[in-house]
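K.L.:
Dumping the structure here so I can ask a few things about it.
Quick note: the coordinates plus some simple rules give every number you see, no bench work behind them. What you see is a predicted model; the values in this text were computed from it and never measured. We place every Cβ from the backbone using ideal geometry, glycine too, and count neighbours over all the protein chains shown.
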Amino acid sequence: MKRILAFLVGAIMCISFVGCADKKNNSPEVEPGPDFFPLTEIKDGRKNIYLIVKTLANNNYWEVLMDGAKDSADFLDCNVYVSGSYAESDWKTQERLLGDAISANADGVVIAPDDSVNLAGKIDEVYLAGIPVVLIDTTANTDNYDICYMTDNLMAGQKAADEMIKQLKNNGVSDSENIQIGIQVGQASSQTVIERLAGFLQFWSKHAPDSWEILHDIRCSNGIPETALEYAEDILENPQVKGVFTTNSGPTVGFAKALKNNNRTDVVFVGFDYSDEMADIVNDKDYHASTILQRQYDMGYTGVESALGLSDGISVDNKFIDMGVVVVNKDTINQADIQEILQHN
């Protein structure tokens, strides 16, 4: 019975999940992303790699990824141009940028798709034009790419749910207590978000007590920081909310700020990625925060390295490379492997 109920709850949530971006009419309007600009020093005679990130809107995750791409280019002696959108819902900007990369006769394209479905056709065009295509962070609904470096997002979502259950119990929440869990995502049409949410719900339906309810209203901030904070504040107005989960960097920052703003030390928070805001709340003894840490620096570094190698005729055997994740909380943050990843954040 519990699995059936979980499926029905998931179906209801998917309805809210799709429509949630329209719930607020006062969300800031987002301008189209800029044309490509140099990430590295541009030198004649070097190959040109074009990097397209999900958002340029003051996001630590993508800044770290771009650092990895720049370091790779500097070491391998190639030029890198970069751009992206200002909101993860603006896949049209990425579509335009892919066309610009074709027009520029790019030696390789590295992209983290904002929309896994709507961008598939344009990714096909790049690949069929003979330009190596490397996907990072998120896959697309096409086989026309060379290699993808990303997290196994279904597994990562399961790991997040496991961490949430453990921390709720560590925080003294009993199996019979009636509590609610709020969720906020960055972009509803991202395959990354869909898989992380699916993994979380799958694990939750099997292992969480029946009295711990996930709110049907899943909020979607589209990678806009102001909206992420606003939605987080709304969810935390509910005193029954004792846990919150976020699928990626933007909403994670929003909840980290909102928890501090509202002094909700009674709430367990599990998010994705790392930022100054997340570091602050993880290290605060009064709060109960964990984050699923990805290796986005390595995605940027290896993405450029692979695009350059493919342009030189090097072939790849495996189209999907799982970059792996670790759980960061008060107990693990000082571990050597985690500190090694955090040095780039």
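K.L.:
Of 139, 155, 93, which is farthest on the positive side of the dipole of region 89-166, counting Cα position, with +1 on Lys and Arg Cβ, -1 on Asp and Glu Cβ, and the Cα centre as origin?
P.N.:
Going by the Cα projections, it comes out as 155.
K.L.:
OK, next. Quick query: amide H of residue 273 versus all other amide H atoms, modeled in the peptide plane; which residues come in under 5 Å with a sequence gap of 5 or more or a different chain?
P.N.:
Sorted by chain and number, the residues that satisfy this are 292, 293, 294.
K.L.:
Additional query: Taking 8 Å as the Cα distance limit and 6 or more residues as the minimum spacing, I'd like the relative contact order of the chain as a percentage.
P.N.:
Numbers: 740 pairs, mean separation 71.6, N = 345.
Value for the chain: 21 percent.
K.L.:
Which of 305, 277, 237 moves most in a GNM of the chain, Cα contacts under 10 Å?
P.N.:
237
K.L.:
Also: Roughly how compact is region 214-321, stated as its Cα Rg over 2.2 N^0.38 Å to two decimals?
P.N.:
1.37
K.L.:
Sticking with this one: Can you tell which of 281, 314, 224 shows the greatest fluctuation in a Gaussian network model of the chain with Cα springs below 10 Å?
P.N.:
314
K.L.:
Test of understanding: what is the full-extension gain from residue 283 to residue 312, defined as 0.36 nm times their sequence separation minus their Cα-Cα distance? Present the calculation step by step, with values, prior to reporting the outcome.
P.N.:
Working: separation 29, 0.36 × 29 = 10.44 nm, distance 4.55 nm.
Stretched out fully, the residue 283 to residue 312 stretch lengthens by 5.9 nm.
K.L.:
Hey, another quick one. May I ask you to derive the relative contact order of region 199-329, considering only C-alpha pairs under 8 Å and at least 6 residues apart, and to give it as an integer percent? If you can, show how the numbers build up before the last one.
P.N.:
Details: 146 pairs, mean separation 23.5, N = 131.
So the answer I get is 18 percent.
K.L.:
Quick one: work out the % antiparallel among DSSP beta bridges in the chain, nearest 5.
P.N.:
On the way: 5 of 43 bridges.
Expressed as a percentage, antiparallel bridges in the chain total about 10.
K.L.:
A follow-up question, please. How big is region 293-345 along each principal axis, measuring the range of its Cα positions in Å and listing the largest first?
P.N.:
Extents along the principal axes, in whole Å: 45, 19, 13.
K.L.:
May I ask you to list, by number, the DSSP H helices of the chain whose Cα span along the axis is at least 15 Å and whose average Kyte-Doolittle hydropathy reaches -0.5 or more?
P.N.:
Numbers: long enough: 2-19 (26 Å, 1.84); 60-76 (24 Å, -0.28); 91-103 (18 Å, -0.60); 153-170 (25 Å, -0.66); 191-207 (24 Å, -0.07); 225-236 (17 Å, -0.16); 249-262 (20 Å, -0.31); 296-311 (22 Å, -0.07).
Helices meeting the criterion: 2-19, 60-76, 191-207, 225-236, 249-262, 296-311.
K.L.:
Also, quick follow-up: Once you order the gyration tensor axes a ≥ b ≥ c over the Cα atoms, which shape class does region 57-117 get: rounded for a/c under 1.5, otherwise prolate or oblate by comparing a/b with b/c? Spell out each step's value before the answer.
P.N.:
Working: a/c = 2.49, a/b = 1.20, b/c = 2.07.
Here region 57-117 falls in the oblate category.
K.L.:
Report the antiparallel proportion of the DSSP beta bridges in region 253-345 as a percent, rounded to a multiple of 5. Can you show the working numbers first?
P.N.:
Working: 3 of 8 bridges.
The antiparallel fraction comes to roughly 40 percent.
K.L.:
Could you work out which residue, out of 248, 59, 263, moves most in a Gaussian network model of the chain, that is, has the largest mean-square fluctuation with Cα springs under 10 Å?
P.N.:
In this elastic network of the chain, the residue with the biggest mean-square fluctuation among 248, 59, 263 is 263.
K.L.:
So what's the gap between the Cα centers of region 290-345 and region 130-173, to the nearest angstrom?
P.N.:
So the separation of the two Cα centres works out to 12 Å.
K.L.:
Roughly how large, in nm² to one decimal, is the mean projection of the convex hull of the alpha-carbon atoms in region 196-271?
P.N.:
Working: hull surface 19.6 nm².
Result: 4.9 nm².
K.L.:
Taking amide H positions as placed in the peptide plane 1.01 Å from N, state which residues far from residue 323 in sequence (5 or more) or on other chains have amide H under 5 Å from it.
P.N.:
150, 151, 152
K.L.:
Once every DSSP H run of n ≥ 4 in the chain is given -39500 (n - 2.57) and the sum is divided by its residues, what mean residue ellipticity at 222 nm do you get, rounded to the nearest 500 deg cm²/dmol? Let's see the in-between values first.
P.N.:
On the way: 11 runs with 148 residues, N = 345.
Value at 222 nm, helices only, nearest 500: -13500 deg cm²/dmol.
K.L.:
Here is a further query. If a paramagnetic tag sat 7 Å from the Cα of residue 76 along the Cα-Cβ line, which residues of region 281-308 would have the backbone N under 20 Å from that point?
P.N.:
295-308
K.L.:
Return the Rg/Rh ratio of region 131-238 with Cα-based radii and a Kirkwood Rh. Before the final figure, lay out each step's value.
P.N.:
Numbers: Rg = 16.4 Å, Rh = 15.6 Å.
With Rh from the inverse mean 1/r over Cα pairs, Rg/Rh is 1.05.
K.L.:
Looking at the chain, I'd like the Rg to Rh ratio, where Rg is from alpha-carbon atoms and Rh is Kirkwood's inverse mean 1/r. Could you put the intermediate results ahead of the total?
P.N.:
Values: Rg = 20.0 Å, Rh = 20.4 Å.
Taking Rh as the inverse mean 1/r over Cα pairs, Rg/Rh reads 0.98.
K.L.:
Follow-up question, since we're still on this one. Fewest first, what order do 196, 295, 219 take by the number of other Cβ atoms within 10 Å? Please list the in-between numbers first.
P.N.:
Working: 196 29, 295 22, 219 25.
If I rank by nearby Cβ atoms, fewest first, I get 295, 219, 196.
K.L.:
Quote the FRET efficiency, to the nearest 0.05, computed for residue 266 versus residue 331 with a Förster distance R0 of 25 Å and r equal to the Cβ-Cβ distance. Provide the component values of the computation, followed by the final result.
P.N.:
Numbers: r = 20 Å, r/R0 = 0.78.
According to the calculation, E is roughly 0.80.
K.L.:
Where Rh is the Kirkwood radius over the Cα pairs of region 98-142, the temperature 25 °C and the viscosity 0.890 mPa s, what D in µm²/s does Stokes-Einstein return?
P.N.:
Details: Rh = 10.4 Å.
Roughly 237 µm²/s, to the nearest whole number.
K.L.:
Apply 1/(1 + (r/R0)^6) to the Cβ-Cβ distance of residue 129 and residue 340, taking R0 = 41 Å, and write down the FRET efficiency to the nearest 0.05.
P.N.:
0.60
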